[in-house]
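The next block holds one structure in the form of structure tokens; read it before the comments.
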Amino acid sequence: MSSSPVVESELPTTPLPQQTTHTNTYTEKESPRVARLSHQGAEREVQMKEVRSRALHDLGPSIPEVSFDQFKAAVLPHVDNAKLEQVYDALKKDGELSDE
């Protein structure tokens, strides 16, 4: 058997990934967007009790427990470490956080 050199035009090509665009509409193949109660009614003066009850409603019957480091990495926006330590210490003191 003789082997012939591979011509560049004969090489298999991988299609480029398609770029998605974000729109406010959805197609039949996509799930419709769900408006979260905790994100409705942005007001200048926030009523924390109302926000808390809406957030608990959105979470459902169970709230996942994660470490503070995981929470900091996944949920919190960038916060100065000195301020974060003050908040962490206050939450520990009030019993809102545990080492478990």
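The values are calculated or read from the model by the stated rules, or taken from the named source; none is laboratory data. Values in this document were obtained by computation on a predicted structure and should not be read as measured data. Here the Cβ is made from the backbone with ideal geometry for all residues, glycine too, and neighbour counts use every protein chain on show.
Collect the residues in the range 51-84 that are charged (D, E, K, R), surrounded by fewer than 11 Cβ atoms within 10 Å (Cβ to Cβ) and either in contact (Cβ under 8 Å) with a residue 60 or more places away in the chain or assigned to a helix (DSSP H, G or I) (or both), keeping them in residue-number order. Spell out how you get there, then give the answer.
First, pick out the residues of the range 51-84 that are charged (D, E, K, R): 52, 54, 58, 65, 69, 72, 80, 83.
Narrowing the set further to residues that are surrounded by fewer than 11 Cβ atoms within 10 Å (Cβ to Cβ) leaves 65, 69, 80, 83.
69, 83, listed by residue number.
Yes or no: the range 60-71 includes at least one residue that is at pLDDT 80 or above and in contact with a helix residue (DSSP H, G or I) (Cβ under 7 Å, 6 or more places away or on another chain). No.
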